[in-house]
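Contents: one structure, followed by commentary.
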Amino acid sequence: MHMAYSGYEDYFSKKVCISVATTGGHHGKEANPNLPTQPEEVAKDIQACEEAGASIVHLHARDDAGENTKDVARYQALQDAIEKHCDDIIVNFTTGGGGLYSREERIAPILETEPRPEVATVDLGPINFGQTRTAVNTREQNEEFAERMQDAGVKPELELFNPGQIPEANHLIEKGLLETPYWATVIFGMQNGMPASPQNLITFVENLPDPVEWQCLAVGKHQLPLTTMAMAMGGHVRVGMEDNVYYRKGELAESNAQLVRRAARIADELNRPVATPEETREMLGL
């Protein structure tokens, strides 16, 4: 069981990694005017998140108008701004955008920026958006992305929208395309993803391949309860305005750092020390 935690012996020494997803590729300032979209604005937000305890930042680029883009130059601008404003945070680029962008467009920012991100996502299966769009993530694409990341020295973050995608992770392992420990994100509350509930978090995590480090991502109102439960289970957490624009019901988040500060306070109350970027690198084998 991926809770370690036969008798919780190592619970109190196991550090918790806080990831922050600052921007995302869907909603923008119309959903929350405090959501950052431009490189300088994003990097200053990340600087505050890093000070608050985030050790990984998950990034989607936006163009000058705030629209989603896969333009490598925009990802490079994010890298440059982060280098200027931030200390040591681990950069994680998305390869999402299925149904909108070609495979090559989705992987290009990971391979063509300097420095490359240390981590990048691999979406292990399809997910529906709205009435007409499905993000298609085929086995063939997952193999290609994992292989090219392996060659580039970038750690895949396995994004699992539901437990039916775990066999795809096992397939990549069998093909020798993933290094241990595996790094997995279990995702709750998406349109045709795993429904958000405590029982489902336990079920999802119990089925992950070993040895694994995992984090919980839950959208909207599910973010707070499920990330808190994940910390109590010895897991890691992802917060931020990509997943949730509210701080509490009816109250928009002031910043991504506000959400990170709360996660760090909860970790502290649960006696889980918050990992530094360096400690996170060690845990994930970066």
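The values are calculated or read from the model by the stated rules, or taken from the named source; none is laboratory data. If you're wondering where the values come from, they're calculated on a predicted model, not measured in any experiment. Every residue, glycine as well, gets a Cβ built from its backbone with ideal geometry; the counts of neighbours run over all protein chains shown. Protein only, heavy atoms only, side chains kept; ligands, DNA and RNA dropped before computing areas. Shrake-Rupley method; radii C 1.70, N 1.55, O 1.52, S 1.80 Å.
A compact table of results
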{"item": "Alpha-carbon centroid distance for the pair the stretch 36-114 / the stretch 159-186, whole angstrom", "result": "23"}
{"item": "Mean separation of Cα contacts under 8 Å, 6 or more apart, over the residue count of the stretch 16-102: relative contact order %", "result": "34"}
{"item": "Given charges at Cβ of Lys, Arg, Asp, Glu: the stretch 203-286 dipole, positive-most of 253, 277, 239", "result": "253"}
{"item": "Electrostatic dipole magnitude of the chain [Cβ: Lys, Arg +1; Asp, Glu -1; Cα centre; debye, to 20]", "result": "900"}
{"item": "Reachable lysines from residue 70, criterion Cα separation under 27 angstrom, eight or more residues apart if same chain", "result": "29, 44, 84, 155"}
{"item": "Burial order of peptide ranges 200-209, 118-127 (average beta-carbon count within 10 Å, highest first)", "result": "118-127, 200-209"}
{"item": "Segment residue 9-residue 202, extension gain: residue separation times 0.36 nm, minus the distance between their alpha carbons", "result": "67.6 nm"}
{"item": "Relative packing of peptides 25-35, 129-139 - highest average C-beta neighbours within 10 Å first", "result": "25-35, 129-139"}
{"item": "Hydrodynamic radius of the stretch 1-107 per Kirkwood, over alpha carbon pairs, in Å", "result": "15.3"}
{"item": "Highest-fluctuation residue, 55, 255, 197 considered, GNM on the chain with Cα pairs under 10 Å", "result": "197"}
{"item": "Share of carbon and sulfur in the accessible heavy-atom surface of the stretch 30-145 [1.4 Å probe, %]", "result": "47"}
{"item": "Total charge dipole magnitude, the stretch 157-286, about the Cα centre, Cβ charges on Lys, Arg, Asp, Glu only, Debye to nearest 20", "result": "560"}
{"item": "Matching label, semi-axes √(5λ) of the Cα gyration tensor in Å computed from the structure shown, candidates (i) 24, 23, 19; (ii) 31, 24, 20; (iii) 27, 26, 18", "result": "(i)"}
